[in-house]
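**Q** So that we are looking at the same thing, I have put the structure below in structure tokens.
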Amino acid sequence: MKKVLNYINGKWTESATGKFLPVLNPATGETLAEVTQSAAEEVDLAVQAAVAAQKSWRLVPAPERAEVLYKVAHLLKARKEELAQILTSEMGKVIDEGRGEVQEAIDMAYYMAGEGRRLFGDTVPSELRNKFAMSVRVPIGVAGLITPWNFPIAIASWKSLPALVAGNAVVWKPASETPMIAAEFVKVYEEAGLPAGLVNLVNGSGSVVGHAMALHPGIDLISFTGSNEVGKRINAQAGALLKRTSLEMGGKNAVIVMDDADLDLAVDGILWSAFGTSGQRCTACSRVIAHESVKAELEGKLLSRMGQLKLGNGLDDAVQVGPVINRASLDRIDSYVRIGKEEGARLLGGGKPATEGGLADGSFYEPTLFTDVRLDMRIAMEEIFGPVVSIIPVGSLEEAIEVNNRVEFGLSSSIFTRDINRAYQAMRDLDTGIVYVNAGTSGAEIHLPFGGTKGTGNGHRDSGVASLDVYTEWKSIYVDYSGKLQRAQIDNY
Ligand code: UN1
């Protein structure tokens, strides 16, 4: 059986615990590999290696650091198909999306490599004569990265690449479900010539490895993507030690369909956002806020297109919807559907695990559509993280925006309308970190900030130039070349 190991200080090693967990293919139930399960001691070893390596890495000029990132980009590009296959077999998303996700990491690598020649600070005039003032970005030290299984390489790229180009070292705990693609990403760093100790991979559970990372004094910041429950816990633990935390958590994203929308386009957008990655994106559409005058037509169009979606193993190019991550997730999704029915929502389609046609060995759920959903229902408010979408009828744009904003999360939102005034009003008033006009809720590009408002995060952003704010401190520098003591705010007034 293939073994997935840790990578600490440039060496692939098995945890001293001797424990392994199986890595399952969610489409078939087969065991693909087994992954080493680390203890807090391995986190400590990884941190020691990272601290030591970062001491010289911070002194490497950023454009030279970036050369490694360019190599990472080239290697990811050369291995795109192979990586996509591994990702799909381990995580389930259909192969086209697997390729798209690897592309997202390639894009991020080129983009952050470019930052090696920017990492802009400011030069500003001093208020005093013969004095120079500037601000520069400096690395923080060791970045602890905790990443999810739903975008196992893209999200890891959003975090590790800016951390490294800015001069930090990384200790990375990938999700237990997706250690294979994580190991491949680390191999790419290794092959690109990243010095030992700068990226350390520690596999294991959140309760052991994640916990140890949050509390380790040698880790200066934690960047986490995952559930609200875990994010809040990390924030409390790491925050108590004054570590910076960058948290990317839940979503309850909505597509608004106005009465003047291109309905066929809206249906395309909804299907892609609601059932792509089997609804397991942070950006997934799980609510459709539909103007009552188009609701019936929209329901009909959605239902007929949902009926044509082909479920199956994502490695098959013809499949459009893959499995969900595991049985526990399947059960959770099913329990939400039960709750929806009990609360009085009208189930229009789907609503049960898909087991026919050889799907019983995997974890498949039928694309599911509820309508006449009210805001007092749990399915309207809570993140389901599966292929379940709820239509909520409204009578106006103002009501639609109000419904969109009523949830505790604020990641992504979308509006379909042909009215420019409504589009701009929505762009202004939708309380989410990402807003789409005439597109679904998914489709974030790496050179823009990714993140959300309210319960989705804590004000930081992944990807884009904004991500550098997570991995750097500002240093303000004053150089006085007057040859005398000049007191700011005093000698000049
Ligand atoms: C996530 O779901 O956590 O916009 C990331 C998108 C992708 C990234 C999603 N580019 O859906």
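The values are calculated or read from the model by the stated rules, or taken from the named source; none is laboratory data. Keep in mind it's a predicted model, so treat the numbers as computed, not measured. Note: ideal-geometry Cβ built from the backbone for every residue, glycine included; neighbour counts use all protein chains shown.
**Q** Only one of (1) buried (at least 17 other Cβ atoms within 10 Å of the Cβ); (2) without any contact (Cβ under 8 Å) to a residue 40 or more places away in the chain is not met by Thr13, so which one is it?
**A** (1)
**Q** Moving to a separate point now. Do the conditions hold for Gly340, that is, is it in contact (Cβ under 8 Å) with a residue 12 or more places away in the chain and farther than 21 Å from Arg281 by Cβ?
**A** Here the answer is no, as Gly340 does not meet what is asked.
**Q** Evaluate the stretch 288-298: report whether one residue or more is buried (at least 22 other Cβ atoms within 10 Å of the Cβ) and within 23 Å of the chain's Cα centre (by Cα).
**A** The answer is yes, given that some residue of the stretch 288-298 is buried (at least 22 other Cβ atoms within 10 Å of the Cβ) and within 23 Å of the chain's Cα centre (by Cα).
**Q** Is the stretch 314-325 home to any residue that is out of contact with any helix residue (DSSP H, G or I) (no Cβ under 9 Å at 6 or more places or on another chain), among the charged types (D, E, K, R), surrounded by fewer than 18 Cβ atoms within 10 Å (Cβ to Cβ) and on the phi < 0 side of the Ramachandran plot? Give the derivation first.
**A** First pass over the stretch 314-325, keeping only residues out of contact with any helix residue (DSSP H, G or I) (no Cβ under 9 Å at 6 or more places or on another chain): 318.
Then drop every residue that is not among the charged types (D, E, K, R), which leaves none.
Scanning the stretch 314-325 turns up no residue that is out of contact with any helix residue (DSSP H, G or I) (no Cβ under 9 Å at 6 or more places or on another chain), among the charged types (D, E, K, R), surrounded by fewer than 18 Cβ atoms within 10 Å (Cβ to Cβ) and on the phi < 0 side of the Ramachandran plot.
**Q** For the stretch 46-154, which strands (runs of 3 or more DSSP E) that fit wholly inside it have 2 or more residues that are touching an Asp or Glu at 6+ places or on another chain (Cβ under 7 Å) and not β-branched (Val, Ile, Thr)? Write out each step before concluding.
**A** Values: elements: 122-125, 131-139, 142-146.
In the stretch 46-154, the matching strands (runs of 3 or more DSSP E) lie at 131-139.
**Q** Separate question: Does Asp107 meet the test of being without any contact (Cβ under 8 Å) to a residue 40 or more places away in the chain, under 21 Å from Ser467 (Cα atoms) and surrounded by fewer than 22 Cβ atoms within 10 Å (Cβ to Cβ)? Even if it seems obvious, please write down each step before you answer.
**A** On the way: without any contact (Cβ under 8 Å) to a residue 40 or more places away in the chain: no; under 21 Å from Ser467 (Cα atoms): yes; surrounded by fewer than 22 Cβ atoms within 10 Å (Cβ to Cβ): yes.
Considered against the rule, which asks whether it is without any contact (Cβ under 8 Å) to a residue 40 or more places away in the chain, under 21 Å from Ser467 (Cα atoms) and surrounded by fewer than 22 Cβ atoms within 10 Å (Cβ to Cβ), Asp107 comes out as no.
**Q** Another question about this same structure. Residues Val407, Val403: which one is assigned to a loop (DSSP other than H, G, I, E, B), closer than 21 Å to Leu298 by Cβ and out of contact with any Pro (no Cβ under 9 Å at 6 or more places or on another chain)? Before the answer, list the steps.
**A** On the way: Val403 fails: assigned to a loop (DSSP other than H, G, I, E, B).
Among Val407, Val403, only Val407 is assigned to a loop (DSSP other than H, G, I, E, B), closer than 21 Å to Leu298 by Cβ and out of contact with any Pro (no Cβ under 9 Å at 6 or more places or on another chain).
**Q** Follow-up. Of all the residues that make up the stretch 358-368, how many are surrounded by fewer than 24 Cβ atoms within 10 Å (Cβ to Cβ) and under 27 Å from the mean Cα position of the chain (by Cα)? I'd like the intermediate steps shown before the answer.
**A** Going through the stretch 358-368, the residues surrounded by fewer than 24 Cβ atoms within 10 Å (Cβ to Cβ) turn out to be 358-361, 366.
With under 27 Å from the mean Cα position of the chain (by Cα) added as a condition, the list becomes 366.
The qualifying residues number 1.
**Q** Let me ask something else. Looking only at the stretch 438-493, count how many residues are at pLDDT below 95 and over 29 Å from Ala133 (Cα atoms).
**A** 0
**Q** Consider Gly276 carefully, then state whether it is within 14 Å of Ser414 (Cβ to Cβ), part of a helix (DSSP H, G or I) and touching a Ser or Thr at 6+ places or on another chain (Cβ under 9 Å).
**A** Numbers: within 14 Å of Ser414 (Cβ to Cβ): yes; part of a helix (DSSP H, G or I): yes; touching a Ser or Thr at 6+ places or on another chain (Cβ under 9 Å): yes.
For Gly276, the condition - within 14 Å of Ser414 (Cβ to Cβ), part of a helix (DSSP H, G or I) and touching a Ser or Thr at 6+ places or on another chain (Cβ under 9 Å) - is met.
**Q** For residues that are hydroxyl-bearing (Ser, Thr, Tyr), within 15 Å of the ligand (Cβ to nearest atom) and not in a strand (DSSP E or B), scanning just the stretch 429-477, find the one that is surrounded by the fewest Cβ atoms within 10 Å (Cβ to Cβ). Step through it out loud before you land on a result.
**A** Here is the first cut: in the stretch 429-477, the residues hydroxyl-bearing (Ser, Thr, Tyr) are 432, 436, 441-442, 453, 456, 463, 467, 471-472, 476.
In the following step, the residues that additionally are within 15 Å of the ligand (Cβ to nearest atom) were identified as 432, 436, 441-442, 456, 463, 467.
Now narrow it down to the ones that are not in a strand (DSSP E or B): 432, 441-442, 456, 463, 467.
On the way: Thr432: 26, Thr441: 29, Ser442: 22, Thr456: 27, Ser463: 26, Ser467: 28.
Checking each candidate, the answer is Ser442.
**Q** Inside the stretch 287-311, can you point out the residues that are polar (S, T, N, Q) and closer than 23 Å to Gly322 by Cα? I'd like the intermediate steps shown before the answer.
**A** Within the stretch 287-311, the first condition is being polar (S, T, N, Q), and the residues that meet it are 293, 304, 308.
Those that are polar (S, T, N, Q) and closer than 23 Å to Gly322 by Cα: Ser304, Gln308.
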